[in-house]
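J.: Sharing a structure below in structure tokens format, with a few things to ask.
The values are calculated or read from the model by the stated rules, or taken from the named source; none is laboratory data. Since this is a predicted model, take the numbers as computed values, not measurements. For neighbour counting, all protein chains shown are included, and Cβ atoms are generated from backbone atoms with ideal geometry for every residue, glycine included. We work out accessible area using only protein heavy atoms, side chains counted, and drop any ligands, DNA or RNA first. Shrake-Rupley method; radii C 1.70, N 1.55, O 1.52, S 1.80 Å.
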Amino acid sequence: MPSLKDIRKRIGSVKNTQQITKAMKMVAAARLRKAQEATETARPYSYRLRDVIAQLAARADFSDHPLLEQREPKRVHLLIMTSDRGLCGGFNAGINRATERYLRENPRGHEEVTLDVVGRKGHEYFKRRETPIGSYHREILNNVTLESASDIAEKAIVSFVEGDLDALYVVYNEFKSAISQEVVIEQLLPVAPAVPEGGGELAEFIYEPSKEQVMDAVLPRHITVQIYRMLLESVASEMGARMSAMDSATKNAGELIDRLTLQYNRARQANITKELMEIIGGAEALS
Amino acid sequence: MHLRVVTPKGAKVDAQVAEVTIPGEMGDLGVLPGHRALLTSVGIGALSWKPVQGEIGWLAINGGYAEVADDEVVVITETAERPAEIDVQRAEAAQSRVTAELRAVDAARGEEVARLQQALRRAENRLAVAKRTKPVIPA
């Protein structure tokens, strides 16, 4: 049976923790609003661009541009997007699990899979497991910009064109709503053609100024914009996950405090009763 | 025919139109319903369109691509501003500042000159669109 003092101390410490989780929840909620807005404004642009690219790829020959070349995916990279900070529920665990499963099951029969990692959590996890890590992109999550997305894109494009890389897949959390996110694996390279609707022949595009110039400009841009959107989705998902995790932590702390308070009051009452019995017993013995 | 204009800051136009003029990198392109599939890079310039009903719409756009397919025009651009959104004073200030810088800069530094010329074209494009006219593009 813990003493009154012990219980009091325990209640104090749980209260402190609750204050911290509450504050973290508020911060995550504020940052979520910003990240959600950024994601939702970037989506139409990137989706439209993706549609245009798919149309373009459906009409183009693999020989038209190096980024369209479909090779057997022997040497591939997985770009995984995790967070720098923890305390965000299953956010990072989801990515790490999906990545590990992909590595284990190897559905496309790759010969060599290398990880490109965004976020400290994923880096720590896979470094400990001695999975080959190609690159680690740090300090981009605090402020996601097109420039940092373009850095990642350029590296991948260069190694793809040089033949060191046959395909690039991205593992990230797609933002669904403040309380839900979904781990998805998407292929970025080579650029995948759209499946023509109804199987009909597609009318060839007119290109201005020329096919080569248009493709040279639009394809790398597409990769950059998609990575940018995925980074934004990932950050918004992280904030959402942290907000719900901290919300339930705050609730749990509240329940614990209620239970401890009850226990404290019972112990206090038992003490008083015991003292009363002693006094009555003493008085009876004297009379 | 449907026109959509999207930028990284969200969608700008989503409307039924009768005619669109796209500022292609090689010159303006008029698009009418039933146009052949087309993919073009877009320069700095004025995008205008005639809606099915109502007044001609204008946007100052800044680089990107335009796709015409299946009676739909999709313009994907870095920035797109309506005449009312353009800060005329700022554009005028930019115009005179860049003009002065262009005069001062060494013509041998091609990169710097090209960057300034781009900036000047952006400023002039904004001013032209604010007045709802086509910019005069120097040859």
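J.: Taking 7 Å along the Cα-to-C-beta vector as the label spot, tell me the A:ARG128-A:LEU286 distance in nanometres, rounded to one decimal.
T.: 6.6 nm
J.: Please return the longest range in chain B lying between exposed loop sites, taking trypsin sites (Lys or Arg not before Pro), DSSP loop only, at most 15 other beta-carbon atoms within 10 Å, and leaving the sites out. Please report the intermediate quantities before stating the final value.
T.: Details: sites that count: B:LYS9, B:ARG36, B:ARG109, B:LYS131, B:ARG132.
Of all site-free stretches, the longest is B:37-108.
J.: Another question about this same structure. Would you mind computing, in nm to one decimal, how far apart the modelled labels at A:ASN271 and A:ASN16 are, each placed 7 Å from Cα along Cα→Cβ?
T.: 2.1 nm
J.: Under a cut-off of 30 Å between alpha-carbon atoms, report the lysines in cross-link reach of B:LYS12, not counting same-chain residues fewer than 8 places apart.
T.: Reachable lysines: A:LYS34, A:LYS176, A:LYS211, B:LYS50, B:LYS131, B:LYS134.
J.: Below 13 angstrom from the Cβ of A:GLU174, what's the summed charge of the other residues (Lys, Arg +1; Asp, Glu -1)? Walk me through the numbers before you get to the answer.
T.: Numbers: positive: A:ARG43, A:LYS176, A:ARG229; negative: A:GLU40, A:GLU182, A:GLU186, A:GLU233, A:GLU238.
Cβ neighbours under 13 Å give a net charge of -2.
J.: Enter the accessible area per residue of the stretch A:75-183 (Å², integer; probe 1.4 Å; all protein chains in place). Could the numbers behind the result be given before it?
T.: Working: 5430 Å² over 109 residues.
About 50 Å² of surface per residue is accessible.
J.: Could you give me the ³J(HN,Hα) list for the stretch A:104-119, computed from phi with Karplus coefficients 6.51, -1.76, 1.60 and θ = phi - 60°, whole Hz, x at Gly and Pro?
T.: With coefficients 6.51, -1.76 and 1.60, one gets 6, 7, 6, x, 9, x, 6, 8, 8, 10, 10, 9, 10, 10, 10, x Hz.
J.: Just name one of A:SER248, A:VAL52, A:ILE280: the one whose Cα is farthest towards the positive end of the charge dipole of chain A (beta-carbon charges, Lys/Arg +1, Asp/Glu -1).
T.: A:ILE280
J.: Compute the distance from the alpha-carbon center of the stretch A:93-147 to that of the stretch A:26-81, in whole Å.
T.: That distance is 17 Å.
J.: Pop out a list of residues from the stretch A:201-236 that are at least 50 Å² less accessible with all the protein chains around than in their chain alone; 1.4 Å probe, no ligands or nucleic acids counted.
T.: Going by heavy-atom accessible area, the residues of the stretch A:201-236 that drop by at least 50 Å² are A:PHE205, A:ILE206, A:GLU208, A:PRO209.
J.: About the Cα centre of the stretch A:31-244, how large is the charge dipole given +1 on each Lys and Arg Cβ and -1 on each Asp and Glu Cβ? Please answer in debye to the nearest 20. Please report the intermediate quantities before stating the final value.
T.: Values: 27 positive and 33 negative charges, 250 e Å.
The calculation lands at about 1200 debye.
J.: Another question about this same structure. Rounded to the nearest 100 Å², what is the sum over both chains of accessible area buried where B meets A, with a probe of 1.4 Å? It would help to have the intermediate numbers written out before the result.
T.: Numbers: alone 8330 and 16490 Å², together 22740 Å².
Chains B and A together bury roughly 2100 Å² of accessible area.
J.: Can you give the helix-only mean residue ellipticity at 222 nm for chain A, where every DSSP H stretch with n ≥ 4 adds -39500 (n - 2.57) and the sum goes over all residues, rounded to the nearest 500 deg cm²/dmol?
T.: On the way: 5 runs with 173 residues, N = 287.
About -22000 deg cm²/dmol.
J.: Express the carbon and sulfur contribution to the solvent-accessible surface of chain B as a percent, rounded to the nearest whole number, probe 1.4 angstrom.
T.: So the carbon and sulfur contribution to the accessible surface is 49 percent.
J.: Assigning unit charges at the beta carbon (Lys, Arg +1; Asp, Glu -1) and nothing else, what dipole magnitude in debye, to the nearest 20, does the stretch A:64-190 show about its Cα centre? Could you put the intermediate results ahead of the total?
T.: Numbers: 16 positive and 21 negative charges, 145 e Å.
Result for the stretch A:64-190 is approximately 700 debye, rounded to the nearest 20.
J.: Of A:PRO220, A:SER159, A:PHE126, whose Cα points farthest to the positive end of the dipole of the protein assembly as shown (charges on the beta-carbon: +1 Lys, Arg; -1 Asp, Glu; origin at the Cα centre)?
T.: A:PHE126
J.: While we're here: Which residue, chosen from B:SER41, B:ALA15, B:ASN62, occupies the Cα position most advanced towards the positive end of the dipole of chain B, where the dipole is computed from +1 (Lys, Arg) and -1 (Asp, Glu) charges on Cβ about the Cα centre?
T.: Toward the positive end, the furthest listed residue is B:ASN62.
J.: What is the dipole size for the protein assembly as shown, taken about its Cα centre, with +1 at each Lys and Arg Cβ and -1 at each Asp and Glu Cβ, in debye to the nearest 20?
T.: Values: 56 positive and 59 negative charges, 495 e Å.
Roughly 2380 debye, rounded to the nearest 20.
J.: Per residue, what accessible area does chain B have, given a 1.4 Å probe and all protein chains present, in Å²? Walk me through the numbers before you get to the answer.
T.: Numbers: 7270 Å² over 139 residues.
In whole numbers, chain B has 52 Å² accessible per residue.
J.: Quote to one decimal, in nm, the extra length available between A:VAL184 and A:ARG97 on full extension: 0.36 nm per residue of separation minus the C-alpha distance between them.
T.: Details: separation 87, 0.36 × 87 = 31.32 nm, distance 1.17 nm.
Between A:VAL184 and A:ARG97, full extension yields an extra 30.1 nm.
J.: Between A:ALA23 and B:LEU32, take the C-beta separation as r, use R0 = 51 Å, and let me know the FRET efficiency to the nearest 0.05. Before the final figure, lay out the partial values.
T.: Details: r = 59 Å, r/R0 = 1.16.
Computed FRET efficiency for A:ALA23 and B:LEU32: 0.30.
J.: Something else: Given the Cα atoms of the stretch A:31-244, and with Rh set as the inverse mean 1/r over their pairs in the Kirkwood sense, what is Rg to Rh to two decimals?
T.: Over the Cα atoms of the stretch A:31-244, Rg/Rh equals 0.98.
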